[in-house]
Structure formats: C-alpha cells, structure tokens
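Before any comments, here is the structure.
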Amino acid sequence: MQEFLSAILAGASGEEIAAIPIPESYRASFVKRDETDMFEGMESEDKDPRKSLHVGEVPTPELAPDEAYIAVMASAINFNTVWTSIFEPLPTFGFLDRLGREGVWGARHALDYHVVGSDASAVVLQVGSAVRNWGPGDKVTVHCNYVDDQSPTAHDDSILADNQRIWGFETNFGGLADLAVVKANQLMPKPAHLSWEEAAVNALCNSTSYRMLVSHNGAPITQGDKVLVWGASGGLGAYAVQYCLNGGATPVGVVSSQSKVDLLHELGVEAVIDRKAANYRFWKDEHTQDESEWRRLGKDIRGLVGDDVDIVFEHPGRQTMGASVFAAKRGGTIVTCAATSGYMIEYDNRHLWMKLKTIKGSHFANYREAWDANQLVCEGKILPPLSAVHTLDNVGDAAYQVHRNLHEGKIGVLCLAPEEGLGIDDHELRQRVGEDRITLFRRHGA
Ligand code: NAP
C-alpha cells in the first residue's frame, strides 16, 4: 500500500494508479470469531474494545464486477464498531455467515475475522468490469448502505431491501483499514475543501440524520419547528442540530456537560439542556418510570423555546423513550434510529394515542439520501464535527472513547494518510466556509 500512498501524495494520474498492482494483503482492524465470548458475564460498559479490536495484515479478497478497491486515507469510529467489538447485542459473525450463503461473492465475507468500519474517505484504485461511473484516482467518500440491486425490494427505497446491509458491520472488508472493498453504488465525491479525516467522518451519521430530519422518508422538519435532539453534540446529534438550523427549525439540544453546552452555543444552538446538571431521573428504578420527571423536562423545554417540540430526535432508547414520547407536542413525531441504552422500550401509550403522536423508525439512508447529504457537506452547508484523530494502530482506544461516551462529535482515524491536514484541494471554498467553523469540534476537542 506504500506504493499507492506515495503515488497519491505525489498527485499521480488515474492511469498511474491503475498500473500499480493490488497487494496480496493489507493492514486492517478486525475482531476474531474465536474471541466472541471473551467478555462473557461482564457488564456492557466493562467490555473493552481495546482488547477485542486487533490490527494486522489480512488477505486481499477478490473483486466482484460491481465493486471497487479503494485506498482508505481515513475512516471514523461509529457506534456499530463499538457494538461489533463488544459482541453486543450479537456477534457480527452471524451477519457474515448469512451473507456467505448468498452465492459466490457473498461467500468471501464469511471469514473467521471481521474487518470493521463503516466510513471512509479514499482514492479508488481499481474497479470491477461492471463499474461505469468511477475509476482509478477518483477521490471519494463511502456510504455504508450495502444493497443487492437484483432484489426487487431494493428498487423503491433501497434501505427497505429485504437483504439490505451495513458495510463494515453486516459485511466484511470495512473501512478501518488501509484498503477496502466497496460496491460502486456506495461511492460519493469527496468534499474538496476538507482534509481526508474531516471528509471521512460524515457519511454514516450525516446520512442517518438527513433521512430522519430532512427526507420525506423520515420526519422532515418545517420552518419554525422545534426539535428535541438527544446527544446533540454526539455523532448523530451534531448533524441533526445543523439540519435544524439550516432548515429554519429551532433545535433544543440535550447534552451531559457544560463543555458540550458551550460547544453547541458556538455552533449556533441557543437552547441547550445539560441533562447531568438537570439530573433528570426518568427511571425511579429498573422497572418504574417517573412521569413527574418527564414533566420537568417538558417544562425546561418550554422555558427555553416557549412551546413543546414538534419532533424528537431519538436514539438513546430505553433511558429516554418514555420522556421523548411525553415531550413531543400533540400531533408530534418521535423519530428513532437506535437504542444505545437498551432496546426494550417502555412509554405511556396514553400520551401517544390521546395526543395523536407518531413514532417513526428510521435506519441509515438510501443512496439518494446519502448522496444529497454528502452534497451538503461538499457545499460547506454541513460542517464535519471531527473532534479527535487517532491512528489505525490505535483504533481500540478510539472505539473505547466512543463506548465510554468520552468524546464529542466524531472521532476520525488516519489509515493510509500519514498525518492530519492532507487532501484539501479547494482552499478557496475552505476559506469561504471558514476555517474556524470547519475546525470547531477539533479545536474544542484538542
Ligand atoms: P455518539 O457519538 O456516542 O452520540 C450519542 C450521544 O447520545 C452521546 O454523545 C450522549 O450525549 C447521548 N447519550 C448516550 N446515552 C444517553 C442516555 N442514556 N440518555 C441520554 N443521552 C444519551 O453515538 P452516535 O453515533 O450519535 O450514535 C447513537 C446511537 O445511534 C448508537 O446506538 C448507534 O449505534 C445508533 N446509530 C444508528 C444508526 C442507524 O442507521 N440506525 C446510524 C448511526 C447511529 P450526552 O452524554 O452529551 O447527553
């Protein structure tokens, strides 16, 4: 891969890159099938990704006709890599085995190691014979919706496809590596004004938030809406609040420290609740919720923005869902894509039906939504919330930070890129968007 790196850094042409042979192995981060019970009996929070995520050489798989080899310059930690590395709620090898039963190309994925990672900024090295729109030398970002386009179910909204998968989570050969294998229909242009690591962190969380709050498939915001955003300085939330601000809505961000409150204020979010300082106790004990605490949250929201919220952007799950259903206004929508604190949910259904509220499920994004969300990054309208950068050799530590909620925004991972700050092609756009705005989370996290 060093030959590719030297060529990329020297600005080699597509033909020159195409002439370099693909190596037989590459450096990747992975979990191992024979270690899936290593944390048995431990509490979730004690399971340590630094123990289960390995970095080493793995063989390069063969390329299918609709795929591309990419040199991953940078990647990012997503929560799905945390789930894979703590083997919760299930070891991801079951996903790989299922894909392995889908024919000859699928069989490549069912291995005893799982190369993780669902984000990348990269350079295309080679493409399969069926690839039309991309070629060697193209600078790209990668979205993680992995779709079998021979299934009729994939041809309305591809995230509804019955064998839809998330690349690097439900497939092998993910992005936390020097090389990755992706389908051509995962590729999108790299934002030219961003560095490799700034460009790498967006696709997964940005596209997910876009579908939840902008696309007609989610709970699209209307000008004037008030939107409660849990984890508003986290991976998803940092994009959600930007979509609210861009769309004329008023975000009410919830975070867990004064430092995160300050960060959101600097981003332009005026209404912010520090949930630690407020000390909400939505659950009296493991089995009982406290409606008076939901009411206290509602009062705090009205104190900040004068009304209940039209939309709740939900992902913490069990800890917050009861409060979220309560806090949405009459006729409002709770849009949810996750359940970090537990997926067996309880809420008071009377508040849902009597006040005609809707709970809307959402999962990642289709190619069109991911493309449109990426375009907004390319135009400088959505900023990358990159707060910290690790090297690939240090990937376990990076995942640990996210697992223990010690981070803000997104953590980037340098794969082939030897240092931060490389890969910026459009300096004029960068200047127009504003260096300070682009690096807000990074400066804050430094
Ligand atoms: P993240 O970067 O860790 O941010 C999540 C934020 O949620 C944290 O910063 C934290 O903020 C807040 N939070 C955590 N536990 C909470 C609790 N018990 N109560 C209230 N707030 C809590 O993670 P992320 O990337 O945003 O992902 C969040 C979840 O969404 C994960 O479970 C992930 O797997 C899932 N996800 C799903 C999809 C999809 O397509 N379905 C896509 C992306 C992510 P504060 O501590 O500051 O409040």
**OP:** Report, largest value first, the span of the C-alpha coordinates of segment 216-278 along each principal axis, in whole Å.
**Re:** 34, 19, 19
Original post:
Once phi is turned into θ = phi - 60°, what whole-Hz ³J(HN,Hα) does the Karplus curve with 6.51, -1.76 and 1.60 give for every residue of segment 67-80, x standing for Gly and Pro?
Top reply: 10, 9, 8, 10, 8, 7, 7, 8, 9, 8, 8, 10, 5, 5
Original post:
What is the ratio of the Cα radius of gyration of segment 219-361 to 2.2 N^0.38 Å, where N is its residue count, to two decimals?
Top reply: 0.95
Original post:
Roughly how compact is segment 7-81, stated as its Cα Rg over 2.2 N^0.38 Å to two decimals?
Top reply: 1.53
**OP:** Sticking with the crude label model, points 7 Å out along Cα→Cβ, report the distance from residue 368 to residue 356 in nm, one decimal please.
**Re:** 2.9
**OP:** Counting other Cβ atoms within 10 Å, keep those with at most 11, restrict to DSSP loop, and tell me which GluC sites (Glu not before Pro) in segment 298-372 are left.
**Re:** none
Original post:
Once phi is turned into θ = phi - 60°, what whole-Hz ³J(HN,Hα) does the Karplus curve with 6.51, -1.76 and 1.60 give for every residue of segment 111-117, x standing for Gly and Pro?
Top reply: 10, 8, 10, 10, 7, 9, x
**OP:** Would you calculate the separation in nanometres between label points at residue 19 and residue 281, each defined as 7 Å from the Cα along the Cα-to-beta-carbon direction?
**Re:** 7.2
**OP:** Kindly work out what percent of the DSSP beta bridges joining two residues of the chain are antiparallel, to the nearest 5.
**Re:** 60
Original post:
When the chain is treated as a GNM, springs tying every alpha-carbon pair under 10 Å, which of 433, 181, 241 comes out with the largest mean-square fluctuation?
Top reply: 433
Subject >> Surface share of carbon and sulfur [accessible, 1.4 angstrom probe, percent] for the chain >> reply: 48
Original post:
HN-Hα J couplings of segment 42-52 from phi, Karplus 6.51/-1.76/1.60, θ = phi - 60°, integer Hz, Gly and Pro as x?
Top reply: 8, 5, 3, 5, 8, 6, 10, x, 5, 8, 9
**OP:** Would you calculate the volume per residue, in Å³, of the smallest convex hull containing every Cα atom of segment 101-150?
**Re:** 120
**OP:** Find the eigenvalues of the gyration tensor of the Cα atoms of the chain, then list the square roots of 5 times those eigenvalues as equivalent ellipsoid semi-axes, largest first, in whole angstrom.
**Re:** 36, 24, 21
Subject >> Size-normalised alpha-carbon gyration radius of segment 288-446, reference 2.2 N^0.38 Å >> reply: 1.31
Original post:
In deg cm²/dmol, rounded to 500, what helix-only [θ] at 222 nm does the chain give when every DSSP H run of at least 4 residues adds -39500 (n - 2.57) and the total is split over its residues?
Top reply: -8500 deg cm²/dmol
Original post:
Per residue, what accessible area does segment 219-361 have, given a 1.4 Å probe and all protein chains present, in Å²?
Top reply: 44
Original post:
Considering only Cα-Cα distances, which of the following residue pairs are longer than 26 Å: 355/410; 357/381; 226/299; 47/190; 183/226?
Top reply: 355/410; 357/381; 47/190; 183/226
Original post:
Ranked highest first by the average count of other Cβ atoms within 10 Å around their residues, in what order do 5-13, 315-323, 207-215 fall?
Top reply: 207-215, 315-323, 5-13
Subject >> GNM top mover of 83, 105, 230 - the chain, alpha-carbon springs below 10 Å >> reply: 105
Original post:
What residue among 388, 107, 232 has the largest mean-square fluctuation in a Gaussian network model of the chain, using Cα springs under 10 Å?
Top reply: 107
Original post:
Across the Cα atoms of segment 74-171, what radius of gyration and what greatest pairwise Cα-Cα distance (Dmax) are found, in Å?
Top reply: 14.4, 39
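The values are calculated or read from the model by the stated rules, or taken from the named source; none is laboratory data. This one's a predicted model, so the numbers in the text were calculated from it and none came from an experiment. Note that we place each Cβ from the backbone using ideal geometry, even for glycine, and neighbour counts take in every protein chain shown. Protein only, heavy atoms only, side chains kept; ligands, DNA and RNA dropped before computing areas. Shrake-Rupley method; radii C 1.70, N 1.55, O 1.52, S 1.80 Å.
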